[in-house]
1. Filter the stretch 150-164 down to residues that are of a type in the set (Asp, Glu) and part of a helix (DSSP H, G or I) and give me whichever is least open to solvent (accessible area, probe 1.4 Å).
2. Got a number for residues in the stretch 33-63 being closer than 16 Å to Ala145 by Cβ and surrounded by fewer than 16 Cβ atoms within 10 Å (Cβ to Cβ)?
3. State yes or no: is Arg117 free of Cβ contacts under 8 Å to residues at least 24 places away in the same chain, farther than 17 Å from Leu144 by Cα, open to solvent by 60 Å² or more (accessible area, probe 1.4 Å) and of a type in the set (Lys, Arg)?
4. For a quick check of your reading of the model, give me the residue pairs whose first member lies in the stretch 91-114 and is on the phi < 0 side of the Ramachandran plot and among the polar types (S, T, N, Q), whose second is surrounded by 13 or more Cβ atoms within 10 Å (Cβ to Cβ) and not in a helix (DSSP H, G or I), with beta-carbon atoms closer than 7 Å and at least 6 apart or on different chains.
5. For the stretch 66-93, which positions are of a type in the set (Gly, Ala, Ser) and more than 18 Å from Ala145 (Cα to Cα)?
Amino acid sequence: MSDEQRSPASPERGAASGGAASGGPHRHGPERDGPEPEPIRFFGTTWLRHDGGYGMRRAGVAGGSLALAAAGAVVLRFAFQGLEIADVGPFVGILVVAGFAICSALAFRRTWDGFVRRRDPAAESAADRSAQSLMFIGFIGSLLAYFCRSLVEAPGERLHRAEYAAARDRYERRRGARTGNPAARKSRPRKRR
């Protein structure tokens, strides 16, 4: 181990930056010192500089999420045809369609909010855990949120970029406050007016 003391999470951060800890040639992370960007699902840290196939990844996420949403709609259509064959009546059919539509809308909104702001981990409650079943039922809405967001940017890129810029600013301010020899600053006599 080097002079630096590493926390248990440091291997993940080094791996996320593409070998930044080892100084490897395939480093896609930030500068050698300071905070490292948080990887985004399917994009890693390529969102920072839009390198490493970022455009192809965005196209892949957009196409993949749209294809999966279409496949999910086909599966739901088969399920609805099963209800028609069972002759359960129009009321049940309307309830099923309305239920999937509402769950998809809620899943879309929840996924979209996850791209825009962080959820407060302290506020997670049983209601949030029970919303996972809504997300499962409304998976088409979640996939459509990925599709819509990937047309503009990597899903969650704006949030991660703002957090990374704030972390870099804090780091630069701390580093700027530490420059120079503090002992030399204390020994200088102050000018009196």
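The values are calculated or read from the model by the stated rules, or taken from the named source; none is laboratory data. Only a predicted model underlies this, so the values are computations on that prediction, with no experimental measurement involved. Glycine also receives a Cβ, built like all others from the backbone with ideal geometry; neighbour counts cover every protein chain displayed. Ligands, DNA and RNA are stripped out before the accessible areas are found, and what is left, the full protein with its side chains, is counted by its heavy atoms. Shrake-Rupley method; radii C 1.70, N 1.55, O 1.52, S 1.80 Å.
1. Within the stretch 150-164, the match that is least open to solvent (accessible area, probe 1.4 Å) is Glu157.
2. Residues flagged as closer than 16 Å to Ala145 by Cβ and surrounded by fewer than 16 Cβ atoms within 10 Å (Cβ to Cβ) within the stretch 33-63 amount to 2.
3. no
4. Ser104/Gly138
5. Ala79, Gly82, Ala86, Gly89, Gly93
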